[in-house]
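For reference, the structure discussed in these notes is given below.
The values are calculated or read from the model by the stated rules, or taken from the named source; none is laboratory data. Predicted model only: the values in this text are computed from it and were never measured. Cβ placement follows ideal geometry from the backbone for every residue including glycine, while neighbour counts extend to all protein chains displayed.
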Amino acid sequence: MERIHSTSAAAGSTPEIGFLLDVDGPIASPITRSIAIPSIVDDLVALTAAGVPIAFITGRSDAFIAEQVIAPLWAAGLGEALRMPGARMFGVFEKGGAWARIDADGMSETVVDESVAFSPEAIGAVRELVAARFDDTMFFDETKRAMISVEQRTDVTAAEYHARQRAFQQEAFELLADLGIGLTYGEQSHPDAAGAAPYRVDPTIISTDIESVLLDKDRGAERAIEYFAALGDLPASWRSVGDSRSDYKMADYVHGAGMSVAHVDVRPADGMLERPYPVLTVDDLIHDEAGARLLSHWRTAIGA
């Protein structure tokens, strides 16, 4: 298995590279849920100015990315960086359920794929479930447009949240099934009237997403690559970066499209997956510390 170390590439080398970045974990701290390491901001702005295409591919909403990612980048000079020749940035939210371009004018109006979104009835039912039974450890994310997300409160411990998460997921599954929605949760499956199960209950370490089965990181990667390709030549190689097993799907798409890619796993303790492309770690670092080291490495490597 390859590993990235802090030693930089030879001076003057300019590798053609592009980044597909999960946000929670490699960029935003899973504890503060914001960019907690200042170098991440500086390096993302510098890499953008150097012409490195950067896509944020996340389960987070557009509102979260605008506030917690784009706002600090903008304060650090992202607007000017995006005026540089070849500068490209894109945001894919809710695992492909929504997206927006990010250019020198800021983040564009978000496009939402209404074909995968939930009905107001389903959204309201889960909102009421959280308020009635689970708001001591979690909150309903009102910013989501295509999926339903319920997240750990920042004033409770991970252990307290996880002790309640499974119960919430089971009750949400049963509630939505009673509404006639076809969905799966683990080994459980409830078909809709047409015999299909187009939605799933998908746990993360800090949240539960209830989403269309069509949404995932490979869909997000495809949308980002298509956007970058429309603006100019694509780099020779890509790095996808994430902290969950589903993040490998970003690299799966790039590899399947015939391009060179390596995936950087910033939480390898969850189990690294075997893939036909390189899977990297960043020394012994995890989460945003690993993300910070990786971005610093590439900023030095290309002389940005």
With the structure loaded, tell me whether ILE205 is surrounded by fewer than 18 Cβ atoms within 10 Å (Cβ to Cβ) and hydrophobic (A, V, I, L, M, F, W, C) or whether it fails that test. yes
Which of (1) assigned by TED's automatic domain parsing to the domain that holds VAL126; (2) part of a helix (DSSP H, G or I); (3) β-branched (Val, Ile, Thr) is the odd one out, the single condition VAL156 does not satisfy? (2)
Here are GLU274, GLU289: which of them is closer than 23 Å to ALA50 by Cα and either assigned to a loop (DSSP other than H, G, I, E, B) or at pLDDT 95 or above (or both)? GLU289
Would you be able to tell me the number of residues in the stretch 136-150 that are crowded, with 18+ Cβ neighbours inside 10 Å and either assigned by TED's automatic domain parsing to the domain that holds SER34 or part of a strand (DSSP E or B) (or both)? 5
State whether one or more residues within the stretch 223-238 are at pLDDT below 95 and charged (D, E, K, R). yes
Is there a residue being assigned by TED's automatic domain parsing to the domain that holds ILE17, more than 20 Å from VAL116 (Cα to Cα), in a loop (DSSP other than H, G, I, E, B) and in contact with a helix residue (DSSP H, G or I) (Cβ under 6 Å, 6 or more places away or on another chain) anywhere in the stretch 57-73? no
